[in-house]
Amino acid sequence: MIDVKHLAKHFVLYHQGATVIPVFQEANFSVAKGECVALTGASGAGKSTLMRMIYGNYLCKAGSIKVNHVEMVGAHPHDVMQLRRTTIGYVSQFLRVVPRVSTVDVVAEPLLAVGEKPIHAQEKSQELLSLLNIPKRLWSLSPTTFSGGEQQRVNIARGFVYDYPALLLDEPTASLDSQNRDVVLGLIERAKSNGKAIIGIFHDPSVRDQVCDRVVDVSQFMPEAAA
Amino acid sequence: MTPLLSVYNLTKMYGHRVGCQDINLDLYPSEVLGIVGESGSGKSTLLNCLAGQLTPDRGRIQFKTRSGDVKDTLTLSEPEQLMLSRTDWAFVHQNPRDGLRMSVSAGGNVGERLMAVGSRHYGHIRTTAIDWLDRVEITADRIDDRPTSFSGGMQQRLQIARNLVTGPRLVFMDEPTGGLDVSVQARLLDLLRNLVRDMGLSAIIVTHDLAVVRLLADRLMVMKEGQAVESGLTDQVLDDPQHAYTQLLVSSVLQA
């Protein structure tokens, strides 16, 4: 489902003395359907960077990333947009929304984007919000004023509301209590058994062991010069 | 899918100074393109050239009309161009006073556009006007008031209603949220997003506000000294900028 080959990446900071920060060289790995792979490595090793490259949020210098056989490296923005609507979801650590839009609508949005009827999208959205224990009285409010844990759960609901064949999860359980963590782990398990390919970053080893089939240490992809 | 609008090597000079130079872009149906850059970077010049408000010195602009024909907008006859700007196109100005008739009632401002495309039935025009005022959150009891009695944010929403009432397919916006306070900005952003999704509208938005484009635009073009220095998916350009100028632009934003 997700195939990463010979991937290379560096950042150039033009306004800080044109510093070149090498990140990856020869990154290779793949994720099959029904599999959950954890990215590991010390803070700053490039776990989130790699995830963002797969989502097309960061550009790649060289190599290939194929998501459901579609090449992401050098892809036209329209192809990336299409892939994000239909194939790949991303739950980031931050919630970015238009202010004033209700939580129900924020979560329903990925469904509306693929042309789902508003009434169905709302129902599905409410289903996930109650599963993730977001109190009903908050559904009509904008999530911008929610607590960190609540925002994270809204983000997760948004990532799971549509059945993306491939899913990227950046610390989905970081600020959750144990009860909600178990709900999220349940969602991941269910997605796996439905044949979704999942890549996750989990700092908590016990969480990682519980849902992940394999671990990929991204520090092995670090260029020699920087190591 | 074929582009709604294609622009080739568009150049506009002001004497020896460059307005915008060798701009190429494609806009697809239901897509929002953001154009960012500092003042004087040529973004408004470009927008005005695209919308037929300025005549470029070189280049070609092709637009796919409702009937599916691709037309060269720069070589259209004046009546054809006028018809295009009344039906398929809309232009939302930064200053609502430039896009509204200040001496005509709110309802009249909306109705006038309908009459320009042939509506004659007073009852229908008034009902449609009320419907549109409601969509932009202006209550029906203000329909006979003149825009001079409206706040800046209300004027801007009225301008949007006036522009969208004829169901355009392409909207040009010049700093649509500029000069509005943030609570009104948010309301306008929400409105614009829904219109894009529900009406299948395409839009080109010129702004210097990166937060606005992040929420509204699918794709982004960064301009500097009349040239397009970088373009791509909005979040990619903002999160992993490749050009020195874009990096400066992104890193200069104050965190609220």
Could you grab the pairs with beta carbons closer than 6 Å, sequence gap of 6+ or different chains, first residue in segment A:60-84 and more than 13 Å from A:PRO165 (Cα to Cα), second one assigned to a strand (DSSP E or B) and polar (S, T, N, Q)? A:VAL73/A:SER64
Considering each residue of segment B:200-256, count those that are in a strand (DSSP E or B) and of a type in the set (Val, Ile, Thr), and give that number. 5
Any chance segment B:195-202 includes a residue that's in contact with a strand residue (DSSP E or B) (Cβ under 9 Å, 6 or more places away or on another chain), modelled with pLDDT of 90 or more, buried (at least 19 other Cβ atoms within 10 Å of the Cβ) and over 14 Å from B:GLN156 (Cα atoms)? yes
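Can you find a residue that is among the polar types (S, T, N, Q) and at pLDDT 90 or above anywhere in segment B:120-129? Explain how you work it out, then say what you get.
Filtering segment B:120-129 down to residues among the polar types (S, T, N, Q) leaves B:127-128.
Imposing the further condition that a residue be at pLDDT 90 or above reduces the set to B:127-128.
Yes: one or more hits.
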Residue pairs, Cβ under 9 Å, 6 or more apart or interchain, first in segment B:188-206 and of a type in the set (S, T, N, Q), second part of a helix (DSSP H, G or I). List them. B:ASN194/B:ARG135; B:SER202/B:VAL196
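At positive phi, more than 14 Å from chain A (Cβ to nearest Cβ) and surrounded by 16 or more Cβ atoms within 10 Å (Cβ to Cβ): does that describe B:GLY226?
On the way: at positive phi: yes; more than 14 Å from chain A (Cβ to nearest Cβ): yes; surrounded by 16 or more Cβ atoms within 10 Å (Cβ to Cβ): yes.
Here the answer is yes, as B:GLY226 does meet what is asked.
Matching residues to (1) within 15 Å of the chain's Cα centre (by Cα); (2) part of a helix (DSSP H, G or I); (3) surrounded by 23 or more Cβ atoms within 10 Å (Cβ to Cβ):
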| position | (1), (2), (3) |
| --- | --- |
| A:ILE156 | yes, yes, yes |
| A:ASP163 | yes, no, no |
| A:ALA174 | yes, no, no |
| A:GLN179 | no, yes, no |
| A:GLY186 | no, yes, no |
| A:ARG190 | no, yes, no |
| A:ARG208 | no, yes, no |
When you scan segment A:10-57, how many residues do you find that are more than 14 Å from chain B (Cβ to nearest Cβ), out of contact with any Pro (no Cβ under 8 Å at 6 or more places or on another chain) and polar (S, T, N, Q)? 4
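Here's a check for you: in segment B:14-46, which residue that is over 20 Å from B:GLY200 (Cβ atoms) and under 14 Å from the mean Cα position of the chain (by Cα) is surrounded by the fewest Cβ atoms within 10 Å (Cβ to Cβ)?
Restricting attention to segment B:14-46, the residues satisfying the condition of being over 20 Å from B:GLY200 (Cβ atoms) are B:14-24, B:35-46.
Still in the running and under 14 Å from the mean Cα position of the chain (by Cα): B:35-36, B:43-46.
Working: B:ILE35: 30, B:VAL36: 27, B:LYS43: 28, B:SER44: 21, B:THR45: 25, B:LEU46: 28.
Per the criteria, the residue is B:SER44.
The values are calculated or read from the model by the stated rules, or taken from the named source; none is laboratory data. Please read all numbers here as calculations on a predicted model, not as lab measurements. For neighbour counting, all protein chains shown are included, and Cβ atoms are generated from backbone atoms with ideal geometry for every residue, glycine included.
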